[in-house]
Amino acid sequence: MRRLLMILLLAPGPVLAAPESWALHGQATIIEQYHPAFRSAYRGPNSLDPGSRGDETVTAALYGGMRPWDGGEAWADGEIDQGFGLSDTLGVAGFTNGEGSKVGRAEPYFRLHRLFFRQTFSLGGDGVDIASAPNQLGAMRSADDLVVTLGKFSATDIFDTNQYAHDPSQDFLNWAIMDAGAFDYAADAWGYSYGGTGEWTVDDWSFRAGLFDMSRIPNGTELVRGFGQYQLNAEIERRFQLAGRDGKIKFLGWMSRAAMGSYKNALALAARPADISLVRRPASRPGGSVNIEQAVSDDLGFFLRASLADGSKESYEFTDIDRSVSAGLSWKGGDWGRKDDTLGLALEDAALSRSGLNFLAAGGFGILVGDGRLLHAGDEAIMEAYYNAALAGAFAVTLDYQFIANPAYNADRGPLSVLGLRLHTQF
């Protein structure tokens, strides 16, 4: 630690070659999803509609950034949203549309999702080219560095990233595949929070830590200010080569501190249906995950995530998953003469704790799930396949298919097939 402090004090600043002084990027994504009717023995307020149904989401965003001085970046991201996830984004723990927020509206509305500052300190090493991208100014900087980010952004901008499964505008759409399913990251209902992070990269290692505001109430639209309710995150990343191909492994841990309910306490109440809001008290909920990505060839990549969270208490921000494992392949189209196309295939299995299942059986409701009762429970199993075809210019079209067994952990409903069409452009 003493050596690191001396380097920071004595370093002249990041190694930059003709860095971008400002940038403006944009994207627009339209997603249409449809599912045919499926078997449903019963349903409740949080259930997926068992009839044939289609819904659409539209997002359009601008990302504006500037460099006030060497190593510094300031970014503001505004987004216009419109539309609804299937059944108002309810009824499946591993929800089907990663571009669909929990706040659906028929009319377009504007949100300032990100407003943050980033400072990069050079710690030496070879120069690394950083490509211009949304929320990243192009530059050359040292391989070893310390990056501090402060403001409003998403915890998943920094933590649990994966090059093969993390961007629902271009790769997998399912929530439990694009992120670790049990990673109940601090966020408002749109997925963003106020906070700060530090990232230290040296040689083949990176170490990250962050502090974020939690919502005022679970799955809420308003954040607590001043870290009255908060989440601490820490991640270790190791980069390596396997059979001459690049790979990474990340270990992530988190601890949420907020007024949250215990399933045991909710079930102890005489009231039915079970109501967890009656037993919310200040408590901590820990969790952790492992995240692997590995190139198999120039065009083929493999990923795997496994995550686990404290299942004695309610999920607070993301979705109703206590244990999740996902794995898949991402295959670029160079082998069939379409180098900018991508074919993806992934499998995911999600589970809720026994006390969580008992809570649902007693008529309780989670963030996304709750059929009013639960007579026969099972893991929620998901398969997703997509083909993303690059078109002229910066346009792409994607065909997506998802198969979901035991939606909302309910073996009396489903299985469910979801067909998707995604149109995307960016600059």
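The values are calculated or read from the model by the stated rules, or taken from the named source; none is laboratory data. This structure is a prediction, so every number in the text was calculated from the model and none was measured. Every residue, glycine among them, receives a Cβ derived from its backbone with ideal geometry; neighbour counts consider all protein chains shown. Just the protein is used for accessible areas: all its heavy atoms, side chains included, with ligands, DNA and RNA removed. Shrake-Rupley method; radii C 1.70, N 1.55, O 1.52, S 1.80 Å.
Under the criterion of Cα pairs below 8 Å and six or more residues apart, the relative contact order for region 164-273 equals 18 percent.
The solvent-accessible area of VAL128, taken with every protein chain present and a 1.4 Å probe, is close to 60 Å².
Normalised by the number of residues in region 285-368, the average gap of Cα pairs under 8 Å and 6 or more apart makes the relative contact order 27 percent. Comparing GLY195, PRO168, ASN219 along the charge dipole axis of region 164-220, the residue lying farthest to the positive side is ASN219, per the Cβ-charge model.
Using C-alpha pairs under 8 Å with a sequence gap of at least 6, the mean separation divided by the residue count of the chain gives a relative contact order of 16 percent. Pairs of lysine residues in the chain that meet both criteria, 8 or more places apart or on different chains and Cα atoms under 30 Å apart, total 13. Ranking of THR425, THR89 by solvent-accessible surface, largest first: THR425, THR89 (1.4 Å probe, protein heavy atoms only, all chains present).
Derived scalar couplings between HN and Hα for region 20-30 equal 4, 8, 7, 7, 9, 10, x, 7, 9, 9, 10 Hz in order, rounded to whole Hz, by the Karplus curve 6.51 cos²θ - 1.76 cosθ + 1.60 (θ = phi - 60°), x for Gly and Pro.
The shape of the chain can be summarised by an equivalent ellipsoid whose semi-axes, obtained from the alpha carbon gyration tensor, come to 36, 26, 20 Å from longest to shortest. Once the 1.4 Å probe is applied to the protein heavy atoms, region 180-309 comes out at 44 Å² accessible per residue. Model label sites at LEU345 and ILE249, defined 7 Å from Cα along the beta-carbon direction, differ in position by 2.6 nm. Per atom type, region 353-427 shows carbon and sulfur on 69% of its accessible surface, probed at 1.4 Å.
In terms of packing, defined here as the mean over residues of other Cβ atoms within 10 angstrom, the peptides 53-62, 165-174, 247-256 line up highest first as 165-174, 247-256, 53-62. Here the dipole of the chain is about 1280 debye; that uses its Cα centre as origin and unit charges on the Cβ of Lys and Arg (positive) and Asp and Glu (negative). Protection proxy ranking for 358-371, 379-392, 219-232, using the average of other Cβ atoms within 10 Å per residue and placing the highest first: 358-371, 379-392, 219-232. With R₀ fixed at 41 Å, the C-beta to C-beta distance from TRP22 to GLU107 puts the FRET efficiency at about 0.80. Summing charges over all other residues whose Cβ lies under 11 Å from the Cβ of GLY65, with Lys and Arg as +1 and Asp and Glu as -1, gives 0. Applying Stokes-Einstein at 10 °C and 1.306 mPa s to the Kirkwood radius of region 228-361, computed over alpha-carbon pairs, gives a translational diffusion coefficient of 91 µm² s⁻¹. Our note on the geometry: Cα centres of region 229-299 and region 302-364, 12 Å apart.
In the chain, helical runs assigned H by DSSP with n ≥ 4 each contribute -39500 (n - 2.57); averaged across all residues and rounded to the nearest 500, the mean residue ellipticity at 222 nm is -1500 deg cm²/dmol. In order along region 194-206, the phi-based Karplus estimate (6.51 cos²θ - 1.76 cosθ + 1.60, θ = phi - 60°) of 3J(HN,Hα) comes to 8, x, x, 9, x, 10, 10, 10, 8, 6, 9, 10, 9 Hz; Gly and Pro are listed as x.
Evaluated with a Cβ-only charge set (Lys, Arg +1; Asp, Glu -1), region 300-399 carries a dipole of roughly 160 debye about its Cα centre, given to the nearest 20. Computing FRET efficiency as 1/(1 + (r/R0)^6) for LEU242 and ASP204, where r is the C-beta to C-beta distance and R0 is 22 Å, gives about 0.95. Surface composition of region 290-333: carbon plus sulfur atoms hold 69% of the accessible area, using a 1.4 angstrom probe and ignoring ligands, DNA and RNA. Working ranking of peptides 292-299, 415-422, 312-319 by packing, defined as the average number of other Cβ atoms within 10 Å per residue, highest first, is 312-319, 415-422, 292-299. Local charge for PRO286 was computed over the other residues whose Cβ lies under 13 Å away, with Lys and Arg +1 and Asp and Glu -1, and equals 0.
If the segment from ALA394 to LEU329 were pulled out straight at 0.36 nm per residue, it would be longer than the present Cα-Cα gap by 21.0 nm.
Calculated FRET efficiency, ALA143 and ALA405, Cβ-Cβ r, R0 51 Å, to nearest 0.05? That gives a FRET efficiency of 0.70. Rounded to the nearest 20, the Cβ-based charge dipole of region 187-329 about its Cα centre (Lys and Arg +1, Asp and Glu -1) stands at 640 debye. For region 57-120, with all protein chains in place and a probe radius of 1.4 Å, 62% of the accessible heavy-atom surface sits on carbon or sulfur.
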